[in-house]
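All remarks here apply to the structure that follows.
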């Protein structure tokens, strides 16, 4: 009986330890750089044996894999669904829709996501996995998403732009937002003022919409 009673608490402690490893690694990788953080450093910060980490992750690379997978999933979940976009188009202006998308992402209030974003932005210069995530998800896939948004806006009469320009507009808009997101990651690490960066994002959105609604 006693052994069975201990199964649930042990499982709970295991999950809690895994989460601590995950969160601590994200923080240390973002702060010190992936290559500069050995497994023993993560274990030391948490207060566990180095060998204990291997009960949850095969290697330091496995931790990074899980961080990037979490980032991808959460970023995609933060975006409005097709149904939500359709509903937004019915009662919001183009500017309000784009700002709403930015706010949805920002309101996730997830420190781990902020740390992983920093890891991606920093490590993409030396880590092929980070570079692939940056180009595939943050650049290419996100451009596809905004192209869909602008296409719907055109269909609903919220913006006026030639069909041939939609993809290019999406690319240019996304590039500016990515640059500002990079600055926001710096702000979250105390290197800039977060509210100032958010204001830049909103001002950028207003600027683009003014250009898209002319004529």
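Taking Cα atoms, how many degrees apart are the long axis of helix 60-77 and the longest axis of the chain, rounded to 10 and kept between 0 and 90?
30
As an exercise, use a Förster radius of 22 Å and the Cβ-Cβ distance of residue 156 and residue 81 to find the FRET efficiency, rounded to the nearest 0.05. Please report the intermediate quantities before stating the final value.
Values: r = 17 Å, r/R0 = 0.75.
For residue 156 and residue 81, the calculated efficiency is 0.85.
With an 8 Å cut-off on Cα pairs and a minimum separation of 6 or more residues, tell me the relative contact order of the stretch 39-162 in percent. The partial results should precede the final answer.
Values: 57 pairs, mean separation 26.3, N = 124.
Across the stretch 39-162, relative contact order equals 21 percent.
With angles folded into 0 to 90 degrees, how steeply does helix 82-91 sit against the dominant principal axis of the chain? Use alpha carbons for both and round to 10.
40
Starting from the Kirkwood radius over alpha-carbon pairs of the chain, derive D by Stokes-Einstein at 25 °C in a medium of 0.890 mPa s and give it in µm² s⁻¹.
My calculation gives 127 µm²/s for D.
Considering only 175, 146, 91, give the residue with the highest GNM mean-square fluctuation for the chain, with springs between Cα atoms whenever their separation is below 10 Å.
Maximum among the listed residues: 91.
How far is it, in nm, from the label point at residue 59 to the one at residue 40 when both lie 7 Å from their Cα along the line to the Cβ?
1.9
Calculate the length of the line joining the C-alpha centroid of the stretch 36-88 to that of the stretch 184-215, in whole Å.
The stretch 36-88 and the stretch 184-215 have Cα centres separated by 27 Å.
Work out, step by step, the length gained on full extension between residue 70 and residue 126: first 0.36 nm times the residue separation, then minus their alpha carbon distance; give nm to one decimal. Walk me through the intermediate numbers first.
Working: separation 56, 0.36 × 56 = 20.16 nm, distance 2.07 nm.
Extra length available between residue 70 and residue 126 comes to 18.1 nm.
Tell me the relative contact order for the stretch 90-215 as a rounded percent, counting alpha carbon contacts under 8 Å between residues six or more apart.
On the way: 86 pairs, mean separation 35.6, N = 126.
Reported relative contact order: 28 percent.
If you project the alpha carbons of the stretch 147-215 onto their three principal axes, what span does each projection cover, largest first, in Å?
42, 17, 15
Hey, what did the chain get for relative contact order, percent, Cα under 8 Å, at least 6 apart? Don't skip to the answer; put the middle values down first.
Values: 162 pairs, mean separation 39.1, N = 215.
Computed over the chain, the figure is 18 percent.
So between residue 16 and residue 32, what do we pick up on full extension, going 0.36 nm a residue minus the alpha carbon distance?
Values: separation 16, 0.36 × 16 = 5.76 nm, distance 2.37 nm.
Full extension of this stretch gives 3.4 nm more.
Relative to the longest principal Cα axis of the chain, at what angle does helix 94-106 sit, 0 to 90 degrees, rounded to 10?
For 94-106 against the chain, the angle is about 10 degrees.
Taking 0.36 nm per intervening residue step and subtracting the Cα-Cα distance, what contour gain separates residue 189 from residue 103 on full extension? Each step should come with its number before you reach the end.
Numbers: separation 86, 0.36 × 86 = 30.96 nm, distance 1.96 nm.
This chain segment gains 29.0 nm when fully extended.
Values quoted throughout were computed directly from the atomic coordinates according to the rules given, and no laboratory measurement underlies them. Source: prediction; values computed, not measured. Because the Cβ atoms are built from the backbone with ideal geometry, glycine has one as well, and the counts that use them run over all protein chains shown.
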